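The values are calculated or read from the model by the stated rules, or taken from the named source; none is laboratory data. Keep in mind it's a predicted model, so treat the numbers as computed, not measured. Virtual Cβ from ideal backbone geometry, glycine too; neighbours counted across all protein chains shown. We work out accessible area using only protein heavy atoms, side chains counted, and drop any ligands, DNA or RNA first. Shrake-Rupley method; radii C 1.70, N 1.55, O 1.52, S 1.80 Å.
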Amino acid sequence: MLTYSQVEQALIKLGYAPDFDHPSHTKLTALIPIDGYQSPVVLEFREGWKSEFGDVAQLLQVEWLMDDRESVLILDANSLEAVDDTPTILVEEKIMLRETFDRILEAISSDAISSS
């Protein structure tokens, strides 16, 4: 299971500034600028927590508000292999978002391997 420290170190390694400034201090965020676009990609990470049923879950996702201020692309670790329902819409942006997310996942993975 990922930890805040692993995600934070990966983001720093990639040159992004992690931010824990959240009211409940349960979320790490990072703003990732994309050249030529107004809105940055927003990474969110919440470490594992237990539900009322004792399940453990965590969230690692990227969200990107498009320049039209209406369209949003969201990608999380659980949907990487999902089929795209709208493959002809925002194609370039989807590729950039996936590449950004893959770089983050790769940095997390390489940090986890080097600390083992």
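Using R0 = 35 Å, the C-beta based FRET efficiency linking Ile89 and Ser109 works out to 0.70. Residue by residue, the range 59-70 carries 3J(HN,Hα) couplings of 10, 9, 9, 10, 9, 9, 7, 6, 4, 6, 6, 10 Hz when phi is fed to the Karplus relation 6.51 cos²θ - 1.76 cosθ + 1.60 (θ = phi - 60°); x denotes Gly or Pro. Among the protein heavy atoms, those of Glu99 account for about 100 Å² of accessible surface (1.4 Å probe, every chain in place). The value obtained for the range 55-116, namely the Cα convex hull volume divided by the number of residues, is 120 Å³ per residue.
Ordered by 1.4 Å accessible area with all protein chains kept, Met66, Met96 run largest first as Met96, Met66. Computed with a 1.4 Å probe over protein heavy atoms only, the accessible area of Asp102 comes to about 60 Å². Computed on protein heavy atoms with a 1.4 Å probe, the accessible areas place Thr3, Thr100 in the order Thr3, Thr100, largest first.
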